[in-house]
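Notes to accompany the following structure.
Just so it is clear, none of the values below were taken in a lab; they were calculated from the coordinates. The shown structure was predicted, so the numbers you read here are calculated from the model rather than taken from an experiment. Neighbour counts are summed over all protein chains in view; Cβ atoms, including those assigned to glycine, are modelled from backbone coordinates with ideal geometry.
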Amino acid sequence: MAPVCVLVGVMGAGKTSTGLLVASGLGVDFRDTDSDIEARAGKPIPEIFVDDGEEHFRTLERDAVATALASFDGVLALGGGAILAEENRAALAGHRVIYLSVELTDAVKRVGLGTGRPLLAINPRATLKHLLDQRRPLYTEVASQTVVTDGRTPEQVAEEILAGLANDRVG
Ligand code: S3P
């Protein structure tokens, strides 16, 4: 069993909103490793960071990624930092991985005040710039397809993804 596709990208790329639309267009389930982690820990991500630290969060994230890749056949979104772990990047090999790319201006607009995102609690713009610069090559490394999301709605992005998936099935 494998996900139909796996969405990756930085916070603000629109992985959840787009993923829900793609899943609904395909009539399959949507799953998000962030929600799996929260369910397992029994608390929201900001509390995991505060109580247990980022390292513990990343351990839970590696487990969540491995479990979802092996047992879920819908549309899967990974948390923005999942690709930092070599183990996760290796696990993505052979999957249809779609990188939702976004540049700083749109990412900042979309994350707003960053509520619920502990990494953006202080100076969200500078942090996002740093994360984008650091992670862009890693997203590109794992991606089988890149979809640019700047200036586009989740509906437009989902439409492009659905068209690509339909094309693949025909061809
Ligand atoms: C993180 C992104 C978040 C969440 C956590 C850490 C990151 O997910 O996993 O706050 O390191 O970029 P989203 O990208 O879904 O917001």
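Assorted remarks:
- Search result, residues across the stretch 63-87 that are part of a helix (DSSP H, G or I), free of Cβ contacts under 8 Å to residues at least 40 places away in the same chain and either within 12 Å of the ligand (Cβ to nearest atom) or within 22 Å of ALA23 (Cα to Cα) (or both): ALA64, VAL65, ALA66, THR67
- Within the stretch 147-158, the set of residues being surrounded by 15 or more Cβ atoms within 10 Å (Cβ to Cβ) and touching a residue at least 24 places away in the same chain (Cβ under 8 Å) comprises VAL147, THR149, PRO154, VAL157, ALA158.
- Looking only at the stretch 88-122, residues that are assigned to a loop (DSSP other than H, G, I, E, B) and of a type outside the set (Ser, Thr, Tyr) come to 14 in all.
- Within the stretch 1-46, the set of residues being surrounded by fewer than 20 Cβ atoms within 10 Å (Cβ to Cβ) and near the ligand (Cβ under 9 Å from one of its atoms) comprises THR16, PRO46.
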